[in-house]
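J.: What follows is a single structure, and I will ask about it in a moment.
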Amino acid sequence: MECMNRRIPSALVNADLAVRRYGDLGTRWLHGMWEADPLADAVVADEFGASSATVEVRKALVDGIDALPDAPESLRALFAFLDDEPEWLDHSRLDNAADALIRHTPVMGMVLGAASLLRGAASEIAGKPLALTGRYVSQPAVRSVEVGEWLRHVIARGGMRREGAGFAFTVRVRLIHAHVRRGIVASGLWDEDAWGVPIPQPYMAFTIAEFGHICVEAMQTLGVRFTDTELDDIYHLWRYVGHVIGMSDELNLCKEADHVLVEELYRLTSPGPSQDDRDFVAALTDDYLVPELANLLPGNNRVRTSLALTLMHSLQRVFVGDAEADALGIPDSPLKHVVRRAGPALALVNRIQERRYPDKARTTARAYKVRDAAMDRMRVDYGVAHDLVDAAPH
């Protein structure tokens, strides 16, 4: 660590190895633990009189920043950034990515819970902000529906245009992160020397990888096959989502290889999961993942639930690996060997289905409707009347 002029959060492990193995990227990863989101953090720290940062941001999203003549400079700076699209952005590629993903909605929904969220739970530091808010273990189903509602608008044609709902939802998530940072620091419960800043740039980058490569890799395990063009467009979509949500250019993920490197650095420097993380995985599995999987299975409720629990544990084992599964307290299951080998057979089934229904435009349109119906059903099943937590009744 002598090669770096900044201290490293003491709870991280393998800091020297991260630099030796990954060079400049390793250094940026470690330094990034002290970097949050200056633009959004400045907005939530500002004064808005009788209004609030949340209300004024939502007004500016709808009407534009010029419709708020009394907006503070912090809010104007944020929207100067948001309204200036990067030169590399191609909206047609975002639309293509949305279409490619939507055609595999059931599989994507499953792996986001069984793979992506569990891979994130492998670091006690990353999970601490949610644990301190009290929502980590207590409301896994509600949080999953909130994430699904955000995705509903991001994964949609035109969703990430300036006037699109996905863009607005992503900016709202950015402000939620800033409010969480501010609240946690003010609580006095955050150990900055040990953990860096709450929701730092490296963990924001890993979250993008959760929706990008981690999700794609798990979908491929279950037989989904994207073309090279579709994959490039999917990573283009998540690059822009990262840009809007507050990722710095230094750590934002541009291509698949960037996702993989960030995943490796996350694992390498993570101190491992805490009991909060294990409790979260158990609650997510029992309260959300198993009931949702059981909905897809035949038989009576008792049989479906029992089979869904065994199958979910097997999927989780395959997606995160036995070592991480052990650390997260996920029970072992011999069915994991079947799941691990099922990809080619499932890919064949998918190819047969594509030949049976060659009208891709019609299939895609139907997939959007099925996705929306599934989200509406979950909102009812789990009693979620709001969209994101900034609009929750409490």
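J.: Sorted by accessible area with a 1.4 angstrom probe, largest first, how do C254, C215 fall?
T.: Largest accessible area first, the residues go C254, C215.
J.: Taking K360 as the anchor, which lysines have their alpha carbon closer than 23 Å to its alpha carbon, excluding any fewer than eight residues away along the same chain?
T.: Filter leaves K369.
J.: Out of V338, I352, A294, whose Cα points farthest toward the positive end of the dipole of segment 252-394 (charges: +1 Lys, Arg; -1 Asp, Glu; placed on Cβ)?
T.: Looking along the dipole axis, the top candidate is I352.
J.: With +1 on the Cβ of every Lys and Arg and -1 on the Cβ of every Asp and Glu, and nothing else charged, how large is the dipole of the chain about its Cα centre, in debye rounded to the nearest 20?
T.: 1780 debye
J.: Just order 154-161, 327-334 by mean Cβ neighbour count inside 10 Å, highest at the front, would you?
T.: Top of the packing list down: 154-161, 327-334.
J.: Just the accessible area for R225, please: 1.4 Å probe, Å², rounded to the nearest 10?
T.: We get 120 Å² for R225.
J.: Anyone know which of E87, E230, E250 comes out most mobile in the 10 Å Cα GNM of the chain?
T.: Judging by the Gaussian network model, the answer is E87.
J.: Sorted by packing (mean other beta-carbon atoms within 10 Å per residue), highest first, where do 138-145, 41-48, 172-179, 343-350 land?
T.: Highest mean packing first, the order is 172-179, 138-145, 41-48, 343-350.
J.: Here's another thing I want to ask about it. Percent of accessible area on the chain owned by carbon and sulfur, 1.4 Å probe?
T.: Within the chain, the accessible surface is 54 percent carbon and sulfur.
J.: Sort D326, D83 by accessible area with a 1.4 Å probe, largest first.
T.: These residues rank, largest area first, as D326, D83.
The values are calculated or read from the model by the stated rules, or taken from the named source; none is laboratory data. The structure displayed is predicted, hence computed values, not measured ones. With ideal geometry, Cβ positions are generated from the backbone for all residues, glycine too; neighbour counts draw on all protein chains shown. Just the protein is used for accessible areas: all its heavy atoms, side chains included, with ligands, DNA and RNA removed. Shrake-Rupley method; radii C 1.70, N 1.55, O 1.52, S 1.80 Å.
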